[in-house]
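In what follows, a structure is listed as structure tokens, so that the remarks can point back to it.
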Amino acid sequence: MKFLKSPALTGLFILSGQSKTPTHKNSLLAFLCFMTLGLAGCPSSYQKLSTKPVEKVNDHVLTSKQFANQLARRLRNFDALAAKDPNNIHRVKEEILRDFLVKSLTLDWARAQSIVISETMLDKEVDALRANYPDDLSFRRSLAQENLSFSEWREELRYSLVEKEVFKKLNEKIKPPTEEAIKRYYEDHKDRFKRKERIYIQQIVVDEDAKADAIKVDLKTENFAELAKKYSITPEGKNGGVVGWIEKGSVDYFDPLFSAGSGLQTIKSPFGIHLIRVEKKAPATTLPLEEVKSQIIRALKAQREQAEYVAWLDAQLRSSKVLKDYELMNSIKVDTRGAND
């Protein structure tokens, strides 16, 4: 798709949002998407400009205004500097095109398969999600922060339900992995199922040496768990100081415990002074097949689902008509301004 440039025409689409960068935590940024491409014959109508298609997939159309609004909305997740980076802008633009393509193909296939989300089903999902908010005002404010109207949000939710049904139907034909496939995966990926040396520990953590010394004396006559509940300043204290299994190398200040003898051990860390009892030790080992079988089945299923989806998507692309106007897409420029600019 080619169009002639018109220097006299500029369209503007604006979306405001909070910057997510720590240095701009409280600053309001306006993401401005400028349209600098006109139609042949130099029309001056904003309506014509805003309804020009950036992408068409069969009978689905993504207009320049819709594209610009999506671009601005996605750039809200960047700080002001990153939002101006040409590489980031290009990547986000390509993501919008790709997502619209996939969405269009999914909707067309769902329609061909008579997959329909009823209003009753949609209302039920809407009610379930709105229930996560304390009141309707909070819910509406959340939509406003994303620059979404209720109707737009509702249609996005409808699509997510359609997408879920499409995936369900695609996965119906996938057969569960055989025992042979499970065993082969286990042998080919045994390194993933190795477990390092472990210790099972219980601890009391305090913030002063004097307290640690006093507790050491109390431990000669009192229960460790009760003292942990009474004195430990870390969360597991309320559970009697039980930390559980720790793998070697996972917490550096616990590593000396693997070579320490029996009895109470004292360690200092950024959290305080730890009085630790090593309850059990387990050597490094490879987990048996039966213990990781469910994990392997999930991995194999995910592989097959991905392969099925890729094949399905390729088939949809081959049977669809897709047009992209890269010149129009590239003409949509980005600028960021503070709230008071």
Just the Kirkwood number for the stretch 94-160, please: inverse of mean 1/r across all distinct Cα pairs, in Å, one decimal. 13.6
Roughly how many whole Å is it from the C-alpha centroid of the stretch 188-213 to that of the stretch 270-341? 29
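Taking only protein heavy atoms and a 1.4 Å probe, what accessible area per residue, in Å², does the stretch 250-341 have with all protein chains in place? Can you show the working numbers first?
Values: 5640 Å² over 92 residues.
On a per-residue basis, the stretch 250-341 sits at 61 Å².
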Counting just the Cα atoms, what span does the stretch 194-261 cover along each of its three principal axes? Round to the nearest Å and put the largest first. 39, 22, 21
Cα-only Debye scattering, the stretch 43-176: base-10 log of I(q)/I(0) at q = 0.09, 0.13, 0.15, 0.21 Å⁻¹: -0.37, -0.76, -0.98, -1.32
Pull up the cross-link candidates among the aspartates and glutamates for Lys175, meaning alpha carbon to alpha carbon under 13 Å and not fewer than 8 places away within one chain. Glu305, Glu308
Whole-Hz Karplus couplings 3J(HN,Hα) for the stretch 320-335, θ = phi - 60° and coefficients 6.51, -1.76, 1.60, Gly and Pro as x, run 10, 9, 10, 10, 10, 9, 5, 5, 5, 4, 6, 6, 7, 9, 10, 9
Over its alpha-carbon atoms, the stretch 252-308 yields an Rg and a Dmax in Å of 19.6, 56
What are the residues whose amide H is under 5 Å from the amide H of Val242, where those residues sit 5 or more places off or on another chain and H is modelled from the backbone? Gln203
For the stretch 75-160, report the accessible area per residue in Å² (1.4 Å probe, heavy atoms, rounded to an integer). 59
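As a test of reading the structure, rank Leu81, Leu49, Leu313 by solvent-accessible area (1.4 Å probe, protein chains only), most first.
Values: Leu81 145, Leu49 5, Leu313 35 Å².
My answer, sorted largest first, is Leu81, Leu313, Leu49.
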The stretch 225-341: radius of gyration and largest Cα-Cα distance (Dmax), Å: 28.0, 73
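Across every pair of different alpha-carbon atoms, what Kirkwood hydrodynamic radius in Å does the stretch 156-305 reach? Write down the numbers at each step before the final one.
Values: mean 1/r = 0.0522 Å⁻¹.
One over the average 1/r among Cα pairs gives 19.2 Å for the stretch 156-305.
Beyond 21 Å, what share of the Cα-Cα pairs of the stretch 122-190 remains, rounded to the nearest whole percent?
In whole percent, the long-distance tail amounts to 52.
The values are calculated or read from the model by the stated rules, or taken from the named source; none is laboratory data. All values reported here derive from a predicted model rather than from experimental measurement. The protein model used for the area step is the full one, side chains on, heavy atoms only, and it has no ligands, DNA or RNA in it. Shrake-Rupley method; radii C 1.70, N 1.55, O 1.52, S 1.80 Å.
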